[in-house]
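J.: Mind looking over this structure? Questions follow.
Readers should treat all values here as calculations from the given coordinates under stated rules, not as data from a laboratory. Keep in mind that this is a model prediction, so the values were computed, not measured. Cβ atoms come from the backbone with ideal geometry, glycine included; neighbour counts cover every protein chain shown.
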Amino acid sequence: MIAQDGETSKKESSLLKIRRCVMNNFGDDDSGQLTEMMDLLGVISDLEAQIKQAEEKLKKCAIDNVRRLVEEGGDHSAIYWICAANGMAKVVKDEYLNTTGVNLVPKSLYAPIYCRDCGSKGEHVIKSISGLKDWFSKSVYPLFTCDDCEQKQAEARKKHSELRRSREAELANMPYREYLKTPEWKDRRVRALSFAKHRCQLCNASGVQLDVHHRTYADRGNEKMRDLIVLCHPCHSKHHDKGGY
Ligand SMILES: [Zn+2]
Ligand SMILES: [Zn+2]
Ligand SMILES: [Zn+2]
């Protein structure tokens, strides 16, 4: 307390010194507003000293409580996390380590999170002060995918790829004329034409009727662009005895 009072009066006297110096340079202000400002600065100094004092008290109180709980075999985690929320957990931890040689290991905190698909509640584990800060810096709860939804999605993906594989097998094995009527081929044909910018890829003719010719049938049903070539009728005829596909 004596130290605090000493501190306060030192601040006050330095404020008075500043005031005297300012007045000497610029003259006194009759409105009294400068005096009011000086008074307010004095109030701020007093409050700052009180905050510092309260922080010291809080630190001592926290460390006493932690020490008592550890001795009694109780859980000090709540105290640790309260201090963490006030930016003082490290101070308490360091002080405790210094005085007892024991490293505090607080229990994890659990924060609520919600599944992005079904909305079910889950838990986000906070293990450290930086984890806590990170959590509070988020403006919305982060979403996650729960195990049930994860499993459902994996099953759906598996089913989808099975369906795709069986459709590919079907496309590869159906009669060729039938294949040319499928939406898959029609889609690929349109893509090949657009890839070739609607020009014959041999003679560069445009504005003529174009065919999409298979260079290979190895990947029929799942053709790559390099498997196809866009040709005008005359060029296409050179590839086949009678034109055709
Ligand atoms: Zn879910
Ligand atoms: Zn051509
Ligand atoms: Zn052809």
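J.: Using Cα centres only, tell me the gap between region 119-133 and region 54-83 in whole Å.
T.: Comparing the Cα centres of region 119-133 and region 54-83, I get a distance of 22 Å.
J.: Translational D (Stokes-Einstein, µm²/s) of region 90-156 at 4 °C and 1.567 mPa s when Rh comes from the Kirkwood sum over C-alpha pairs?
T.: 90 µm²/s
J.: Nearest 20 debye, what's the magnitude of the dipole of region 10-104 about its Cα centre given +1 on Lys and Arg Cβ and -1 on Asp and Glu Cβ?
T.: The dipole of region 10-104 has a size of about 380 debye.
J.: OK, next. Farthest toward the dipole's positive end in the chain, which of ALA218, LEU104, SER13, given Cβ charges of +1 (Lys, Arg) and -1 (Asp, Glu) about the Cα centre?
T.: My answer, from the dipole projection, is ALA218.
J.: Moving on to the next point. Through the Karplus equation 6.51 cos²θ - 1.76 cosθ + 1.60, θ set to phi - 60°, convert the phi angles of region 120-131 into ³J(HN,Hα) values in whole Hz; use x for Gly and Pro.
T.: Running phi through 6.51 cos²θ - 1.76 cosθ + 1.60 with θ = phi - 60° gives 5, 7, x, 10, 9, 8, 10, 10, 9, 4, 5, x Hz.
J.: Quick one: dipole size for region 153-239, taken about the Cα centre, charges +1 on Lys/Arg Cβ and -1 on Asp/Glu Cβ, in debye to the nearest 20.
T.: 180 debye
J.: Quick one: the Cα spread of region 154-240 along its three principal axes, in angstroms, biggest first?
T.: Principal extents (largest minus smallest coordinate, Cα): 49, 24, 19 Å.
J.: Another one. With point charges of +1 on the Cβ of Lys and Arg and -1 on the Cβ of Asp and Glu, referenced to the Cα centre of the chain, which listed residue (LEU34, ALA154, CYS118) lies farthest in the positive direction of the dipole?
T.: Toward the positive end, the furthest listed residue is ALA154.
J.: Once you have the alpha carbon radius of gyration of the chain, what is it after dividing by 2.2 N^0.38 Å, with N set to its residue count?
T.: 2.21
J.: Which entries in the list LYS138/LYS159; LYS186/LYS238; LYS17/LYS60 go over 31 Å, if you measure between the two C-alpha atoms of each?
T.: From LYS138/LYS159; LYS186/LYS238; LYS17/LYS60, over 31 Å: LYS138/LYS159; LYS17/LYS60.
J.: Please give the charge dipole size of the chain, origin at the Cα centre, charges +1 on K and R Cβ atoms and -1 on D and E Cβ atoms. Round to the nearest 20 debye.
T.: Computed charge dipole of the chain: roughly 2200 debye.
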